[in-house]
There are 2 protein chains.
Amino acid sequence: MAKITKVSPLAPASFPELPAIEGVKFATAAAGVKYEARTDVMLASLCEGAAVAGVFTRSSTRSAAVLDCQSKIGGDASGGAAILVNSGNSNAFTGAVGQASVDAISSATAAALGLEQSRVFTSSTGVIGERLPHGKIVDALGGLAGSLSETSISDAAKAIMTTDTFPKGASASYDVAGKTVNIAGIAKGSGMIAPDMATMLVYLFTDVAISQADLQAVLSELTDSTFNSITVDSDTSTSDTLLLCATGKSGVAADQHDIAFKDALRSVMLDLAHQVVRDGEGATKFIEIRVTGAKSNADARVHALSIANSPLVKTAIAGEDPNWGRIVMAIGKSGAYADRDKLSIMFGSVLVAEKGWVNPDYREEDAAALMKEQEILITVDLGLEQGSSTVWTCDLTHGYIEINADYRS
Amino acid sequence: MAKITKVSPLAPASFPELPAIEGVKFATAAAGVKYEARTDVMLASLCEGAAVAGVFTRSSTRSAAVLDCQSKIGGDASGGAAILVNSGNSNAFTGAVGQASVDAISSATAAALGLEQSRVFTSSTGVIGERLPHGKIVDALGGLAGSLSETSISDAAKAIMTTDTFPKGASASYDVAGKTVNIAGIAKGSGMIAPDMATMLVYLFTDVAISQADLQAVLSELTDSTFNSITVDSDTSTSDTLLLCATGKSGVAADQHDIAFKDALRSVMLDLAHQVVRDGEGATKFIEIRVTGAKSNADARVHALSIANSPLVKTAIAGEDPNWGRIVMAIGKSGAYADRDKLSIMFGSVLVAEKGWVNPDYREEDAAALMKEQEILITVDLGLEQGSSTVWTCDLTHGYIEINADYRS
């Protein structure tokens, strides 16, 4: 475990007040999977008929828990359901015993709550390749089932942390004909740490009424522009999991006010995604990269991620250096189409370069002043067609090297 | 300019003795393009009939000099030729005035040596987006033309350096029926530095007799397994240029299928490519990554580069941590096919993982001892088909952050 315990300078001032979601209860326990003197297991129980949708890492070496979740999503939703998460051990690359651990935890959770095992979704996050001591989690299930509460979502946010420097939560609500729909979510990550490989986990809960198929469709659509548009270091975890649960207890059907539901859900997802970037390992700058004028949205995304993942762009921003040549470099290497003589680059509201060369009115001191801010906006217009994409990232600092190289397992 | 002047710990003990190549002469000058008190321009003159082949960055924002070289390669080779290189300014992203600078330098070089302008190849390396003060270079050409010598290739290696911590040279030779074929080469890079973006430049010279078309074919083929198989930080420069010149003066003919010629040329290219990695910014470890058993060579290369470019793999090695879970992660995220339960991973001769889990006989202390070495070998066998690829990289350290973030333009 790294000894970095200082809270990220980009952290929100405090954990937000989150609304209770009717039909969802939480409990946490300190099972001692790896960490001492802190909670490391979270149980969420969902009422009968709750729909559960999910998106997962596409890693070909994904964990046993991810594979198990993927096989269960979309199954029969008539009974209740549960989510069981442990931190400290990812149960990834653990062969057949990994699946056995998932089965042991799922069946014990199902027994404790009177559910079908096919309705228990598990996640594990932490070190890769070590056998998960699932007995410690199974032993904690009685206590967990007996202490479920609608109001302990903030405790849940803490129990799923690994190397996060702050717990992450967000919520939104909207009214329909005197009834209120609530959405609340928690997340962990996306730190990566020696020797652990922490990962992104996100759990979202709403009391809207919606079918599983519709819930999955809206989740998949919104993930592209939120969680799939952030990057800290271009490394993809073996455990990334995002689950969205809808209890229907608000009495409001989502398709009644589709726009309101999607807007509210997207705001929660984007808020949590930004919090993950703000807790990026060693981060001191929160960076938004907007690419417009590309041949297609896909091309714009390739350019935006090439900039966001470039070590030279990220270190320049860490050094508060408006080194726009590195942005030119990142566009050039991306593989997506660009015409050198049509593109323009802005830092915040400062036009740096256009038409293949530096803006004649550009003064480096204007850009240098902007680079001292904690939030940096880089806009690239390719001057071609209408494709656009926005991604978020953080800078690359000595803190990242400290966390990932200076401490041994 | 960064203040990092310490020579890389991975540098060779000394610059090698390089053979003179008949038909090739060198001269250097201190033109004051950017640096003070050092040489920054190199001129190489090539005898009549010399063939010149080249490979270049594929960046869509490549420099004016690269675009100009690409337009000239493959042209009429009956007259002599010249290569003119400056360090300190890359003349990249400088719009129409960039091409005007290339024309001014090319025509002055042609006039000084009595050549066609179409036979003058130029390279520029250094800061992006600043106008090249080409007048300083033009003014130096008289002195350069008057001081050409067959024996000053080591001076040439020094004049093209930007943020390199040591000059890079390599040679090879072979005999055919009492005649000797010599190959000598120099390279710079691939450092990247605030505010400069240094780049890879390579110049190879041989006295073999070969057509331009055959020379280009063998160069393109060998580049894939040498210079295109190294990475320091995944960022691609706007100026990468590799030129190979053959004078024919040995009296020995080579065609593109000549095994002795290809072996000798490949050894020079690989030696220089490895020296570039050994001068990687902040590097303390030289890392070879061999991937075998992939579905295809292309798939193996995707996996190998995913491992080589992973910040988490590179920081683990910097920390001498045998964190093999990060290699599993890098394979998983690469996008190329892998079957978790068939792959095996070795550090040096230590079998770490196989069949989807850690090797039961693995002892971390064995791998930890290997990680203390300066040269690290990582072998991944995917257990599928016969595809293979080897790439070379260095670790990611505080030195990289220092060079690229801590110093301002």
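The values are calculated or read from the model by the stated rules, or taken from the named source; none is laboratory data. Since the model is a prediction, treat every value here as computed from it, not as a measurement. Counting neighbours? That spans all protein chains shown, and the Cβs are built from the backbone with ideal geometry, glycine included.
Summary of values
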read-out	value
Residues satisfying the stated conditions in segment A:349-378, i.e. over 16 Å from A:Ala316 (Cβ atoms), of a type in the set (Gly, Ala, Ser) and within 12 Å of another protein chain (Cβ to nearest Cβ)	A:Gly356
Subset of segment B:92-111 [closer than 16 Å to B:Met42 by Cα and either among the basic types (Lys, Arg) or touching a residue at least 60 places away in the same chain (Cβ under 8 Å) (or both)]	B:Thr109
Residues of segment A:69-91 classified as closer than 21 Å to A:Thr162 by Cα and outside any loop (DSSP other than H, G, I, E, B), total	8
Qualifying residue in segment A:253-270 (condition: basic (Lys, Arg) and more than 30 Å from A:Gly79 (Cα to Cα))	no
Odd one out for B:Asn86 among (1) closer than 22 Å to A:Trp357 by Cα; (2) surrounded by fewer than 24 Cβ atoms within 10 Å (Cβ to Cβ)	(2)
Condition broken by B:Gly178, with the remaining ones in (1) more than 14 Å from chain A (Cβ to nearest Cβ); (2) modelled with pLDDT of 90 or more satisfied	(2)
Residue within segment B:264-280 that is in contact with a strand residue (DSSP E or B) (Cβ under 8 Å, 6 or more places away or on another chain), within 14 Å of chain A (Cβ to nearest Cβ), in contact (Cβ under 8 Å) with a residue 12 or more places away in the chain and closer than 24 Å to B:Gly387 by Cα present	no
Single condition A:Glu288 does not satisfy, out of (1) modelled with pLDDT under 90; (2) touching a strand residue (DSSP E or B) at 6+ places or on another chain (Cβ under 7 Å); (3) away from every other protein chain (no Cβ under 14 Å)	(1)
Candidates B:Val55, B:Val66 - the one that is of a type in the set (A, V, I, L, M) and either in a strand (DSSP E or B) or not assigned by TED's automatic domain parsing to the domain that holds B:Gly114 (or both)	B:Val55
Members of segment B:24-41 found to be outside any strand (DSSP E or B), small (Gly, Ala, Ser) and within 24 Å of the chain's Cα centre (by Cα), listed by number	B:Ala30
Subset of segment B:92-151 [within 14 Å of another protein chain (Cβ to nearest Cβ), of a type in the set (A, V, I, L, M) and within 25 Å of the chain's Cα centre (by Cα)]	B:Ala92, B:Val127, B:Ile128, B:Leu132
Residue ranges of strands (runs of 3 or more DSSP E) in segment B:293-409 with at least 3 members under 29 Å from the mean Cα position of the chain (by Cα) and over 30 Å from A:Ala283 (Cα atoms)	B:344-347, B:375-381, B:387-394
Unique residue being at pLDDT below 85 and either outside the structural domain of B:Ile376 (by TED's automatic domain parsing) or not aliphatic (A, V, I, L, M) (or both) when the list is B:His303, B:His274	B:His274
Selection within segment A:293-316 - crowded, with 24+ Cβ neighbours inside 10 Å and facing another protein chain (nearest Cβ under 8 Å)	A:Ser310, A:Pro311, A:Leu312, A:Thr315, A:Ala316
Residue in segment A:122-136 that is more than 30 Å from A:Asn404 (Cβ to Cβ) and either of a type in the set (Ser, Thr, Tyr) or modelled with pLDDT of 95 or more (or both) present	yes
Every pair of residues 6+ apart whose Cβ atoms lie under 8 Å, when the first sits in segment A:64-84 and is in contact (Cβ under 8 Å) with a residue 40 or more places away in the chain while the second is of a type in the set (Asp, Glu) and part of a loop (DSSP other than H, G, I, E, B)	A:Val66/A:Asp240; A:Asp76/A:Glu116; A:Gly79/A:Glu48; A:Gly79/A:Glu116
Number of positions in segment A:318-335 that are more than 8 Å from every other protein chain (Cβ to nearest Cβ) and hydrophobic (A, V, I, L, M, F, W, C)	1
Hits in segment A:271-287 (condition: under 24 Å from B:Glu402 (Cα atoms) and either of a type in the set (S, T, N, Q) or not in a loop (DSSP other than H, G, I, E, B) (or both))	A:Val277, A:Arg278, A:Thr284, A:Phe286, A:Ile287
A:Gly178 over 17 Å from the mean Cα position of the chain (by Cα), surrounded by fewer than 24 Cβ atoms within 10 Å (Cβ to Cβ) and on the phi > 0 side of the Ramachandran plot	yes
Residue among A:Ala198, A:Ala213, A:Ala209 that is more than 11 Å from the chain's Cα centre (by Cα), among the hydrophobic types (A, V, I, L, M, F, W, C) and modelled with pLDDT under 70	A:Ala198
